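Novice: Could you have a look at this structure, given as structure tokens, before my questions?
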Amino acid sequence: MSTFSGEIKKIEVNRDSCAGVGACVSIAPQIFQLDDEGKAVVDESNKVNKETLLSAAKSCPHNAISLYDEEGKVIPL
């Protein structure tokens, strides 16, 4: 369980770090998909609960996913 109690305002994938493992897609397919290059992309028009999003970000073995709070600060995973 996460200790982050604020809101997640931005999701970012570092394409240089993403290896296309797809763990994020498995956990939150509403938000993450793999593109034609096999890299994760974000669809922020869909919504999932905060815990699912945090789990998806934490699942990335290459730490390619960053989440940002309402002040624009990176949320520690």
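Novice: Do you know which of the residues in the range 18-46 that are surrounded by 14 or more Cβ atoms within 10 Å (Cβ to Cβ) and either in contact (Cβ under 8 Å) with a residue 40 or more places away in the chain or of a type in the set (Asp, Glu) (or both) is nearest to Ser59 (Cα to Cα)?
Specialist: Checking each candidate, the answer is Cys24.
Novice: Now for a separate question. Determine the pairs where a residue that is under 12 Å from Lys39 (Cα atoms), located within the range 5-17, has a partner that is basic (Lys, Arg) and in a loop (DSSP other than H, G, I, E, B) with Cβ atoms under 8 Å apart, the partner being 6 or more residues away or on another chain.
Specialist: Here the result reads Val13/Lys39; Arg15/Lys39, each pair linking the range 5-17 to a residue that is basic (Lys, Arg) and in a loop (DSSP other than H, G, I, E, B).
Novice: Quick check on the range 26-43. Is at least one of its residues in contact with a Pro (Cβ under 9 Å, 6 or more places away or on another chain) and at negative phi?
Specialist: Among the residues of the range 26-43, not one is in contact with a Pro (Cβ under 9 Å, 6 or more places away or on another chain) and at negative phi, which makes the answer no.
Novice: Would you pick out the residues in the range 61-75 that are closer than 13 Å to Ile11 by Cα and of a type outside the set (Gly, Ala, Ser)?
Specialist: Of everything in the range 61-75, those that are closer than 13 Å to Ile11 by Cα and of a type outside the set (Gly, Ala, Ser) turn out to be Asn63, Ile65, Leu67, Tyr68, Asp69, Glu70, Lys73, Val74, Ile75.
FYI, it's all coordinate maths here, none of it is from the lab. It should be emphasised that the depicted structure is a prediction, and the values quoted were computed from it without experimental measurement. Neighbour counts are summed over all protein chains in view; Cβ atoms, including those assigned to glycine, are modelled from backbone coordinates with ideal geometry.
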